[in-house]
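First up is the structure itself, then whatever we jot down about it.
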Amino acid sequence: MKIGIRAHDMGKMDAKSLFKCAQSYGFDGIQLVVNKALNPEPLLTEEAFKAIAALQQGIDVPLLGSYFNPVHSDKYKIQTGIDRFNAQLKLAQILNTPFVASETGSYNDDQWTYHEQNHTKTAYLEVLSVFKGLVETAELVNKTVLVEAAYAHVIFSPHTLKKFIIDINSKHVKVIIDLFNLLNLRNHRQHEVILKEALHLLKDDIAVFHLKNYQLHEGKLIQVGLNKGLIDYKCVLPLMMQNNPDAYYIFEGITGDDIQESLNYIREIMEENQ
């Protein structure tokens, strides 16, 4: 079982320091969003990515994050997002990276929050069109597009995510399951049921799990360390492991002292269930 972390949750730094930091915690790999994690920010060029690859020190980069909003009102921003995503698909091989990922956006533009249009057929078809183009590039370079659902976004549930994958109809598209992202104030107490639904519907499509936890605070779901929240990973992690043993498990939104505490906690559960 391989465990990683979203790189910029450790801080923004040069590539050598970033890989050393991941290694010092004991992570197997990182989810890399180059513009958020690396200082100075690298260009999307072969030369820049080869320089990063030379410093990997045995740390995997299973996933490049190239998140953009495909239903943004500013069409220039959409095209910029598409161009960045396609560029990273083409550069991914330099880092031995199989996946490039994005969520599916919101009509609230840069806020990425719930909008009444998000869950409509029109929104679905708009996002489908954009992702089909990304998958065409992935097919050309033999990489895989990862789609991440979130309740507030256009693809908002395990069922809509499954339909989306079927409609794209390519072996070059898989999914990220981020259980926390599928929750809201009405359904969060059913998080284990929602996870089981996602595992059942998307078993063969899941490449990555994002690991998060949360507490309910003043009417909001607030992220906390993996050992401190309402999701009981002693129950849910074995379900993930049994269903998708080859998936990558990536911490997201875990920072500071919570990083090492969460890693120790997850490794202990994994060891108990191997």
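The values are calculated or read from the model by the stated rules, or taken from the named source; none is laboratory data. Keep in mind it's a predicted model, so treat the numbers as computed, not measured. Here the Cβ is made from the backbone with ideal geometry for all residues, glycine too, and neighbour counts use every protein chain on show.
Using the structure shown, decide if LEU230 is modelled with pLDDT of 95 or more, more than 30 Å from GLN88 (Cβ to Cβ) and touching a Gly at 6+ places or on another chain (Cβ under 9 Å). No; evaluated as a whole, the condition is false for this residue. Residues in the range 61-70 include none that are farther than 21 Å from ILE3 by Cβ, in contact with a Leu (Cβ under 8 Å, 6 or more places away or on another chain) and crowded, with 20+ Cβ neighbours inside 10 Å. Among residues of the range 95-126 being of a type in the set (Val, Ile, Thr) and buried (at least 18 other Cβ atoms within 10 Å of the Cβ), the one that is nearest to LYS36 (Cα to Cα) is VAL100.
Closer than 26 Å to LEU211 by Cα, at pLDDT 95 or above and touching a helix residue (DSSP H, G or I) at 6+ places or on another chain (Cβ under 6 Å): is that true of ALA138 in this structure? Criteria met by ALA138. So, GLN79, is that one surrounded by 17 or more Cβ atoms within 10 Å (Cβ to Cβ) and of a type outside the set (A, V, I, L, M) or not? It is false that GLN79 is surrounded by 17 or more Cβ atoms within 10 Å (Cβ to Cβ) and of a type outside the set (A, V, I, L, M). The number of residues in the range 129-146 being buried (at least 18 other Cβ atoms within 10 Å of the Cβ) and under 17 Å from HIS72 (Cα atoms) comes to 3. Of all the criteria given as (1) more than 22 Å from LYS2 (Cα to Cα); (2) surrounded by fewer than 19 Cβ atoms within 10 Å (Cβ to Cβ), the one not satisfied by ALA54 is (1).
In the range 77-87, is there at least one residue being in contact with a strand residue (DSSP E or B) (Cβ under 8 Å, 6 or more places away or on another chain), basic (Lys, Arg) and over 18 Å from HIS210 (Cα atoms)? Checked against the condition, which is being in contact with a strand residue (DSSP E or B) (Cβ under 8 Å, 6 or more places away or on another chain), basic (Lys, Arg) and over 18 Å from HIS210 (Cα atoms), the range 77-87 yields no hits at all.
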